[in-house]
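First the structure, in the form of structure tokens, and then the observations on it.
Please treat every number below as a calculation from the coordinates, not as lab data. Owing to the predicted nature of the structure, the values given are computational and were not obtained by experimental measurement. Quick reminder, even Gly has a Cβ in these numbers, built from the backbone with ideal geometry, and neighbours come from all protein chains shown.
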Amino acid sequence: MKKIMIAGATSGSGKTSVTLGILSALSGQMRIQPYKVGPDYVDTKFHSRITGRPSRNIDSFLVPNNETLKYLFERDTNDLDLGVVEGVMGLYDGLGTDKDAHSSASIAKALAIPVVLVVNGRSASTSIAAIVKGFLTFDPAVPIVGVVVNNVMSQNHYELIKGAIERYVNVPVLGYLPFKKELALPSRQLGLVPDNELPEVDAKIAALGKLATAHIDLNQILALAGTSVDPQAPSPIVTHQVALTLGIAQDDAFNFYYQDNLEALREAGVVLKPFSPIKDKTLPADVDALYLGGGYPEEFAAQLAANTEMKQAIRNFSLADKPIYAECGGLMYLGKQLTTENGTYEMVGILDGSSTMTPRLKRFGYCEATPAKSSLIGMAGTKLVGHEFHHSVFAAQSGLEPILHMKKVRDGVVVDEWTGGYQVRQTFASYLHVHFYQSAAVFNGLLDRLGARVHASH
């Protein structure tokens, strides 16, 4: 499999538009595996929509072992032609000021992925050459192999920028995308509006593909791509087979799941039974535990509140002392109420507390979590890594105590500390998103506490 990374010089450079355009242009000709650097859930949905293959997150904070990252990148790729990696934020942006702290550049170096740098050409010409030169010299170990210019106003504008880069910087200019306001993808508080909520999304993606075909030298990108091989290695976290049937909430309100998490569950023998808290009236039959991921419950609060049968079914499941694991949107759903700008809606009510949407981000970014007492997510004192990203606050009533101690460490300094995460009976919910591949102990411990029974040796 060949491999290439599309990374923005800065956030807002248009790397997503360029990535989607390239994916659209090539997906009809090649078998492509898409990837996303960082913890984002939404961009991956667009990748998967285009390629028909679930996009994978590559994140060195959530998965701190480089060999595990390499495994996740290369697994099941023997029959594929190309891996396309979309970067996160700007090329050198990560956690704090360290250019190698979980940035796109650090992933490119760790996995030897050639980088196509996307620069924003709007309202500039020769100055773009200085920007490109700065990015190349800032860390010569980053394999930047070419440049694509975004937001170009005309062919003449592109020729000016291209000529300046070629005059002052020794790197090929691979083409451009013209400025097209009508092709901009709308955003909301957590990034792009998900693809399934955009009726015109396929037309926009097709248009970006046509522009990429017309204005970007795709053959040269393929020639500059590196090569990767599937190591056929065993999973570093799936150590044995288990018997467990897991009901998983999957609909427009709940759909933030890491593909590698789902694949790890299946590989361990877990049977996943999807259900919709919006539409279904009953839980799937014979499930041992429930998994409610993140998403946008606030956008579907009225429908969730109106489905009283499902809310009662989930309450009964918890009252029967069966395990429920919930992240972010799942936490909001399991509380008593959810207040949005449109009103207050009754939720499941397992947790004695309520969520309120806020106009600004309340938590954003990577964090460490330590359970103060043993719970579904981990034993007391276990160190977990994850991320929080939410525009809501959860206010617990006096009888509901948080069990996670959370902290954010940046450049070796603790810059914030807080508490979160709640357990009632065998129901655990928090704002924390976790990647199971952070360690075998975290994954297998969670399986045990979800009620998995060892089935056979792996």
* **Alpha carbon Rg of segment 20-120, scaled by the compact-globule rule 2.2 N^0.38 Å** => 1.04
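Anything over 23 Å Cα to Cα? Flag those among 273/407; 99/407; 383/408; 322/373; 204/362, in the order listed. It would help to have the intermediate numbers written out before the result.
Values: 273/407 34 Å; 99/407 21 Å; 383/408 13 Å; 322/373 19 Å; 204/362 32 Å.
Correct reply: 273/407; 204/362.
By how many nm would the segment from residue 125 to residue 273 lengthen if fully extended, with 0.36 nm per residue of separation less the alpha-carbon distance? Can you show the working numbers first?
Details: separation 148, 0.36 × 148 = 53.28 nm, distance 5.38 nm.
Once the chain is fully extended between residue 125 and residue 273, it gains 47.9 nm.
Compute the Kirkwood hydrodynamic radius of segment 212-359, taking the inverse of the mean of 1/r over all pairs of distinct Cα atoms, and give it in Å to one decimal.
17.6
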* Where does segment 302-458 land on Rg(C-alpha)/(2.2 N^0.38 Å)? -> 1.08
* To do: Mind pulling up the Rg/Rh value for segment 14-53? Radius of gyration and Kirkwood radius, both on Cα.
  => 0.94
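For segment 383-427, what is the Kirkwood hydrodynamic radius in Å, using each pair of distinct C-alpha atoms? Kindly include the intermediate steps, with their values, before the conclusion.
On the way: mean 1/r = 0.0800 Å⁻¹.
After inverting the mean inverse Cα-Cα distance, the result is 12.5 Å.
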* Structure fact -> Expressed as a percent, the portion of alpha-carbon pairs in segment 378-458 spaced more than 14 Å apart is 72
* To do: Nearest 5 is fine: what % of DSSP beta bridges in the chain come out antiparallel, could you say?
  => 50
* Structure fact -> In degrees rounded to 10, the 0-90 angle between helix 201-215 Cα long axis and the longest Cα principal axis of the chain is 20
* Structure fact -> Net charge (Lys, Arg +1; Asp, Glu -1) of residues whose beta-carbon lies under 13 Å from that of residue 97, residue 97 excluded, is -2
* P(r) weight above 22 Å for segment 88-190, C-alpha pairs, percent -> 37
* Interchain or long-range residues, amide H under 5 Å from residue 409's placed H -> 368, 415
* Asked: Helix 155-168: angle to the longest alpha-carbon principal axis of the chain, degrees 0 to 90, nearest 10?
  -> 80
* Structure fact -> Residues whose modelled amide H sits under 5 Å from the amide H of residue 296, counting only those 5 or more places away in sequence or on another chain, are 254, 255
* Structure fact -> Here the relative contact order (percent) of segment 308-441, from C-alpha pairs under 8 Å and at least 6 apart, is 27
* If one takes the longest principal axis of the Cα atoms in the chain, at what angle in degrees, from 0 to 90 and to the nearest 10, does the Cα axis of helix 440-449 lie? -> 30
* Structure fact -> The ³J(HN,Hα) series, computed from each phi in segment 145-153 with the Karplus coefficients 6.51, -1.76 and 1.60 at θ = phi - 60°, rounded to the nearest Hz and given as x for glycine or proline, is 10, x, 10, 10, 9, 9, 6, 7, 8
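So for the chain, averaging the separation of alpha carbon pairs under 8 Å that are six or more residues apart and normalising by length, what relative contact order in percent results? Intermediate results must be reported in sequence, preceding the final value.
Numbers: 1042 pairs, mean separation 67.2, N = 458.
The value is 15 percent.
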* To do: For residue 99 and residue 454, compute 0.36 nm times the residue count separating them, minus their Cα-Cα distance, and round to one decimal in nm.
  => 123.5 nm
* Asked: Any idea what the dipole of the chain comes to, in debye rounded to 20, about its Cα centre with Lys/Arg Cβ at +1 and Asp/Glu Cβ at -1?
  -> 380
* Return the FRET efficiency for the residue pair residue 136, residue 373: r is the Cβ-Cβ distance, R0 is 60 Å, and the value is rounded to the nearest 0.05. => 0.75
* Asked: Once you have the alpha carbon radius of gyration of the chain, what is it after dividing by 2.2 N^0.38 Å, with N set to its residue count?
  -> 1.00
* To do: Starting from the amide H of residue 55, placed 1.01 Å from N in the peptide plane, find each other amide H under 5 Å away whose residue is 5 or more places distant or on another chain.
  => 48
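Would segment 254-305 count as rounded, prolate or oblate if I go by the C-alpha gyration tensor, calling it rounded below 1.5 in a/c and otherwise prolate when a/b exceeds b/c, oblate otherwise? Walk me through the numbers before you get to the answer.
Working: a/c = 3.64, a/b = 1.48, b/c = 2.46.
Oblate is the answer for segment 254-305, as a/c is 1.5 or above yet b/c matches or exceeds a/b.
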* To do: Please work out the Cα convex hull volume for segment 208-293 and give it in Å³ per residue.
  => 146
